[in-house]
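The values are calculated or read from the model by the stated rules, or taken from the named source; none is laboratory data. This structure is a prediction, so every number in the text was calculated from the model and none was measured. Glycine also receives a Cβ, built like all others from the backbone with ideal geometry; neighbour counts cover every protein chain displayed. Surface accessibility is based on the protein's heavy atoms, side chains included, excluding ligands, DNA and RNA. Shrake-Rupley method; radii C 1.70, N 1.55, O 1.52, S 1.80 Å.
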Amino acid sequence: PEPRLMREISDGEHQFLHTMGICLMLKNRRSLLLLDEPETHFNPSWRAKFIKILNDSINAGSIDENKNLNIHLLKDILLTSHSPFIISDCMPYNVILFKRGDDGKVIPKTARELEFNTYGASVDLILQEIFGMAHSISEHALEEIRILLRKRTVELIIEGSKRFGESYEKGFLFERIEELKANKKKKAK
């Protein structure tokens with residue numbers, strides 16, 4: 001590949017190089033690595049791979065010249081994130097949620113305390129369980145689906161449903177269509 005100037009790379013590439021550079025810089029030292037949302041500028045594909053790459057690079061830096069794991073060189077990592085991809089690569093006892101109580105105080109709880117296994121959990125489930133999102137689509141599209149659900153004719157709902165991609169929420173439109181068809185049959189009898 002051709003050499004590139006730092007100003008020619010994306011924010012995500014810059015962030016990735018910065019984070020991996022820190023790992024390389026500390027590879028022969030016992031250290032605590034603090035990473036504050038290191039995946040912020042990554043696309044979803046990079047977010048899904050980030051923990052594996054980070055883990056591989058840290059473990060590679062912890063192998064001595066005789067190819068033995070040197071536990072004295074392993075890194076402790078404290079990482080903050082709002083990415084469900086990052087959380088899906090973490091064991092529940094390593095995921096700490098900070099929620100504000102009714103009294104305004106911040107209460108930390110592990111995902112294990114909440115009896116939610118984050119490791120390998122789907123992005124949709126993490127969005128629901130950790131971030132409290134009832135839906136996995138944007139508010140704008142969800143509002144349009146809600147408007148369609150209030151329609152009283154099958155044809156209008158079918159036509160409107162064609163605008164939406166596949167989602168759990170789109171299924172509500174098909175349920176409404178079946179409900180309207182059933183009501184129409186009842187009235188015909």
Reported set for segment 165-189 where residues are in contact with a helix residue (DSSP H, G or I) (Cβ under 9 Å, 6 or more places away or on another chain), of a type outside the set (Lys, Arg) and either under 20 Å from residue 124 (Cα atoms) or at pLDDT below 90 (or both) is 165, 167, 168, 169, 172, 173
Taking segment 101-123 and keeping residues of a type in the set (S, T, N, Q), surrounded by 13 or more Cβ atoms within 10 Å (Cβ to Cβ) and assigned to a loop (DSSP other than H, G, I, E, B) leaves 117, 118
Residue pairs within 6 Å by beta carbon, gap of at least six or interchain, first lying in segment 119-146 and over 26 Å from residue 96 (Cα atoms), second part of a loop (DSSP other than H, G, I, E, B) and modelled with pLDDT of 95 or more, listed first then second, are none
Within segment 137-164, restricting to residues that are outside any helix (DSSP H, G or I) and open to solvent by less than 50 Å² (accessible area, probe 1.4 Å), the one that is modelled with the lowest pLDDT is 137
Within segment 86-100, of all residues that are touching a Lys or Arg at 6+ places or on another chain (Cβ under 6 Å) and open to solvent by less than 70 Å² (accessible area, probe 1.4 Å), the one nearest to residue 35 (Cα to Cα) is 97
Looking for something in contact with a Leu (Cβ under 7 Å, 6 or more places away or on another chain) and within 30 Å of residue 90 (Cα to Cα) - is there at least one such residue anywhere in segment 151-167? no
Filter segment 36-61 for residues that are under 23 Å from the mean Cα position of the chain (by Cα) and aliphatic (A, V, I, L, M); the one that is modelled with the lowest pLDDT is 58
Of the residues in segment 1-35 that are in contact with a strand residue (DSSP E or B) (Cβ under 9 Å, 6 or more places away or on another chain), modelled with pLDDT of 80 or more and part of a helix (DSSP H, G or I), the one that is surrounded by the most Cβ atoms within 10 Å (Cβ to Cβ) is 19
